[in-house]
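Please treat every number below as a calculation from the coordinates, not as lab data. The model shown is predicted, which means the values in this text are computed figures rather than measured ones. Note that each Cβ is placed from the backbone with ideal geometry, even for glycine, and that neighbours are counted across all protein chains shown.
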Amino acid sequence: MEHFDDISLKRLADILLRRIGFIVAFTLLAGIFSFVYSEIMIAPEYESSVTIYVNNESENTMQKTLGSDIQASQMLVDTYIVIIKSDTVLNEVSRKLAENGLYGYDAEGLRSGINANAVDSTEIFEVKVKSNDPKSSYIIANVLADVAPDIIKDFVEASSVKIIDYALIGKKVSPNVQRNMVLGLLIGLFLSCLFVVMREIFDTRIKTEDELEQWFKLPILGVVPDIAGSQGRRSSGYYSYKRGTAAYEYNKKGAGKDARKSN
């Protein structure tokens, strides 16, 4: 093991470069897995939206100021959003959907797929509807736009709600395959680099003369050569090496012969 307390960036780079093949392969596999998982395992979601204008009407419309009217309309937006997500509105939407052949939508299920927000702090707000089918999201959003204004008028007096834009066929918003694939590549790269570095840290074997000198802080006076690895080949329990002009073969079991005597 090395002294990794004060490991340098150069040493860290050397460790990573030695296993660059493993790092690249693992990173690519992680990216491919993320792509396949996003395309096959995650159910797609589609989104359609309607935009609605809120108008605050007072009894003396000629006397009201434009600033106060806009401020009151902005305050009403939050109220309208709460009403749109209420059971009263969503139960009516569910009934209308059933009349159009879309069954299985209750108030709770519809509420989970609806998101409404004011547009840039104006008296206009946008209602977004998510569904697993592009046509369903489009139909739900438009039915909601038809049902909500009349119910809102029953609850909020001296105000009006007008539809600016009706919904179009839903656009795919999830999953983001490209983003997931990039995240998979980054996670694969991080995990592979972490594995390589941790493996090196916990590897207690001394593999080179430099590591031996660095660990014990002593000069190296000599190195025993690896005879079997450099001059011979280990096979079936035998070692061989050169001795003079004749070869000497040694059997691990103790039986050996000098090739010169047999001649």
| query | Picking from 124, 156, 141, whose Cα lies most toward the positive end of the charge dipole for segment 114-223 (charges on Cβ: Lys, Arg +1; Asp, Glu -1)? | reply | 141
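Which length gain, in nm to one decimal place, applies between residue 40 and residue 157 when the Cα-Cα distance is subtracted from 0.36 nm times their residue separation?
Working: separation 117, 0.36 × 117 = 42.12 nm, distance 4.97 nm.
Answer, rounded to one decimal: 37.2 nm.
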